[in-house]
Amino acid sequence: MTAEYRFSFGPWNIHEGADPFGPPVRPSVEFGKKLKLYKELGFDAVQFHDDDAVADVDSKSAAQIEQECAAMKQILDDEGLVAEFVAPRLWEDAKGIDGGFTANDAALRQWAIDRARRAIDIANLLGTKLIVLWLAREGTYIRESKNAVDAHHHLVDALNQMLDHDPQIQLAIEPKPNEPMDQAYVPTIGHALAISAQTKDPSRVGGLIETAHAVLAGLDPADEMAFALAFDKLWSVHLNDQNGLKYDQDKSFGAANLRAAYNQVRVLELANYAQTERYVGLDVKVMRTQKADKATLHLTNSREVFLMLLDKVRTFPKHIEQQCIHDRNYEALEFAVLKHLMGS
Ligand code: GLO
Ligand code: MG
């Protein structure tokens, strides 16, 4: 039996098209309407930010959080959806302007930890055990602005406090080398797992790998995934694409480098990722030029490309692979891969 892959995306992937150089170009889609699109587009799970579930989360009491999450959970149930993860959105809050967990001000570091604990409560109420930590502003614009040695200790301390808050919760660090900061403290999955090993329960700290982030770090996304998969640490992915070293593009999966996309699917297959029941998550942006009524094509196209590449992985002639590897004839193997991808 071949296990089937299940797909997720974040509601922020349906967006108005504003960029640093121009305003929104499409009307906002109300959150409830976005949730209604999931099944229709072929997706089973929702990636949440904490404040997607509970707006203005800092100002809410525990009872209010409970009530708002119960309402959200009911909508998910009604739509036949589940929450894949909850991510504390520290980077949009004024208090997180220079990073939360690694802020210079101890009171702000405490705020970030408190907010992350609330995200854990929200995750429990929405029925997921997975917290994703994209450490957006945990880094520097200029190196002299923080003590980087202390910053890493602050990160471990924050992770430990999250682990203490709930003995079941799992933390997946989403590494990214830059943007919004000049330099992030946790740029690769290697860094993330090294930090995991320093926590009080490394078995509950793993990673989420995003294609574009690996490319921005000058690394191969499939190899980054393989590194985490080898140690059972790949707890989600953000498949997308990135055309070289420029702003974070979040292009549709496979759009910039089809062969690299093929290898990401291949490595997930090699490690039986589908059987882990983890989701194939997307983190994609539609082009700003796209008209409002066709602004979900990046989601369906990415999913379809994944499934088409999955078919390519499963139908690659094994005997040719074995023969080429046996003969150490990688020129022939490469040509066979290219021909297979081109359909001949
Ligand atoms: C930005 C990140 C971002 C996160 C999301 C979940 O570069 O990829 O989209 O994945 O906020 O924390
Ligand atoms: Mg992402």
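Per the listing ASP44, ASP98, ASP52, the residue uniquely surrounded by 15 or more Cβ atoms within 10 Å (Cβ to Cβ), of a type in the set (Asp, Glu) and within 16 Å of ligand 1 (Cβ to nearest atom) is ASP52.
Residue check: PHE85 meets all listed conditions (1) touching a strand residue (DSSP E or B) at 6+ places or on another chain (Cβ under 9 Å); (2) away from ligand 2 (no atom under 16 Å from the Cβ) but one, namely (2). Scanning the range 1-23 for residues that are surrounded by fewer than 18 Cβ atoms within 10 Å (Cβ to Cβ), under 15 Å from TYR279 (Cα atoms) and either of a type in the set (Val, Ile, Thr) or modelled with pLDDT of 95 or more (or both) turns up just one, ARG6.
Can you find a residue in the range 205-222 that is within 20 Å of ASP166 (Cα to Cα) and more than 16 Å from ligand 2 (Cβ to nearest atom)? Taking every residue of the range 205-222 in turn, at least one turns out to be within 20 Å of ASP166 (Cα to Cα) and more than 16 Å from ligand 2 (Cβ to nearest atom). Candidates in the range 1-38 are the residues that are polar (S, T, N, Q) and either under 20 Å from PHE85 (Cβ atoms) or in contact with a Gly (Cβ under 7 Å, 6 or more places away or on another chain) (or both); of these, the one that is nearest to ligand 1 (Cβ to nearest atom) is ASN13. Applying the criterion of being more than 16 Å from ligand 2 (Cβ to nearest atom) and aromatic (Phe, Trp, Tyr) to the residues of the range 101-142, the residue that is surrounded by the fewest Cβ atoms within 10 Å (Cβ to Cβ) is TYR141. Candidates are the residues of the range 196-226 that are surrounded by fewer than 20 Cβ atoms within 10 Å (Cβ to Cβ) and among the hydrophobic types (A, V, I, L, M, F, W, C); the one that is nearest to ligand 1 (Cβ to nearest atom) is LEU219. Only one of ILE173, ILE122, ILE142 is under 30 Å from GLY218 (Cβ atoms) and within 15 Å of ligand 1 (Cβ to nearest atom); which? Of ILE173, ILE122, ILE142, the one residue that is under 30 Å from GLY218 (Cβ atoms) and within 15 Å of ligand 1 (Cβ to nearest atom) is ILE173.
The values are calculated or read from the model by the stated rules, or taken from the named source; none is laboratory data. Quantities reported herein were computed from a predicted structural model and do not represent experimental measurements. Cβ sites come from the backbone with ideal geometry, for glycine too, and all protein chains shown count toward neighbours.
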